[in-house]
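A.B. asks: The structure that follows is given in the form of structure tokens.
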Amino acid sequence: MARATGKSEAVYERLKGDIESLRMRPGAKLSEVRLGEELGASRTPVREAIRRLAREGLVDFVPGEVARVAGISLGGVRALFEFRMLLEPRAAASVATAGSADERVLAPFRELLERLEVFDESFRALDSATQAGSYQEFYDITEAFDQAVIAACRNPYLARTIRDLRSQTVRLRHLSHSGPRRMLISLEEHRAMLKAVTHGDAQAAEAACRHHLAQTLQALIDSLTSQDLTLATDVSLDIAG
């Protein structure tokens, strides 16, 4: 049982990574048989992983029917960001307030600000042809920032809700940074959030977070209207196969 559970976890992590990075495109079919062959797993751990991803909203799954990578729609993105704008600015403000009372809360954010400054300098020194290869480092910094906010948020219900949305927000990250210009703008937005938090300024942290989410939403709308992400070439066979 432990071995099966471990295999299911490995399959889940692999599929989740492929979906979040858009290597598996929205709308692509998922087959227990073909995925099992590709990943060296039986149908049971593949089925468990697909069902788990369905609970997270990354897969559309109806027993006995075709499972597909969940589509990305303008309506869904707007609804997600409307919800995020209710949650994340308050969490950022909460962390800034906690940091003003306890310096230890601010340590990870100061480290992230330093990492961001180093990345900014190195990124701007690259030519446009090689800048795209540096995106992952920036994604790592922004992911670390989001996780630090969740960890430091003093409201456990707020933190848990934001954490539960991470799978959806990570998948959209690759669409919101459609080029070096938007990435540099996002970098400035994260710098503003980090500075506000490290200064213990709750009002500025909340405003900076809300501004970042609004700008990210607009970037996503621009990206989605320029391509169709509800359709995709199948990556596998029918799940009942």
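A.B. asks: Rule-of-thumb check for region 104-184: C-alpha Rg over 2.2 N^0.38 Å?
C.D. replies: Rounded to two decimals, the normalised Rg is 1.23.
A.B. asks: Further, regarding this structure: Might you tell me the accessible area per residue for region 1-99, computed with a 1.4 Å probe and given in Å²?
C.D. replies: Working: 4810 Å² over 99 residues.
Solvent-accessible surface per residue comes out at 49 Å².
A.B. asks: Normalized C-alpha radius of gyration of region 42-169, against 2.2 N^0.38 Å?
C.D. replies: Working: Rg = 18.7 Å, N = 128, 2.2 N^0.38 = 13.9 Å.
After normalising by residue count via 2.2 N^0.38 Å, the value is 1.34.
A.B. asks: Label residue 225 and residue 151 with points 7 Å out from Cα along Cα→Cβ: what is the distance between them in nm?
C.D. replies: Spacing of the two 7 Å Cα→Cβ label points: 3.9 nm.
A.B. asks: Would you work out the charge dipole size for the chain about its Cα centre, treating the Cβ of every Lys and Arg as +1 and the Cβ of every Asp and Glu as -1, and quote it to the nearest 20 debye?
C.D. replies: Approximately 600 debye in magnitude.
A.B. asks: To the nearest 10 degrees, how steeply does helix 107-124 sit against the main Cα axis of the chain, on a 0 to 90 scale?
C.D. replies: 80
A.B. asks: Here is a follow-up. At 0.692 mPa s and 37 °C, plugging the Kirkwood radius over alpha-carbon pairs of the chain into Stokes-Einstein gives what diffusion coefficient in µm²/s?
C.D. replies: Estimated diffusion coefficient is 170 µm²/s.
A.B. asks: Same structure, new question: Return, ordered by residue number, the residues of region 127-163 whose backbone nitrogen is under 20 Å from a label point located 7 Å along Cα→Cβ of residue 82.
C.D. replies: Only 161-162 fall inside the zone, counting backbone N under 20 Å.
A.B. asks: Would you calculate, for the chain, the mean residue ellipticity at 222 nm contributed by helices, counting each DSSP H stretch of 4 or more residues as -39,500 (n - 2.57) and dividing by all residues, to the nearest 500?
C.D. replies: -23000 deg cm²/dmol
A.B. asks: Share of region 38-129's accessible area from carbon and sulfur, percent, 1.4 Å?
C.D. replies: Heavy-atom surface of region 38-129 belonging to carbon and sulfur, 1.4 Å probe: 52 percent.
A.B. asks: With r defined as the distance between the Cβ atoms of residue 38 and residue 65 and R0 fixed at 25 Å, what FRET efficiency is calculated, to the nearest 0.05? It would help to have the intermediate numbers written out before the result.
C.D. replies: Values: r = 21 Å, r/R0 = 0.85.
My answer for the efficiency is 0.75.
A.B. asks: Just subtract the alpha-carbon distance of residue 214 and residue 114 from 0.36 nm times their residue separation and send over the number in nm, one decimal.
C.D. replies: 33.5 nm
The values are calculated or read from the model by the stated rules, or taken from the named source; none is laboratory data. As the structure is a computational prediction, the values presented were derived from the model and not from experiment. Quick reminder, even Gly has a Cβ in these numbers, built from the backbone with ideal geometry, and neighbours come from all protein chains shown. For the accessible areas, the whole protein counts, side chains as well, though only heavy atoms, and no ligand, DNA or RNA atoms are used. Shrake-Rupley method; radii C 1.70, N 1.55, O 1.52, S 1.80 Å.
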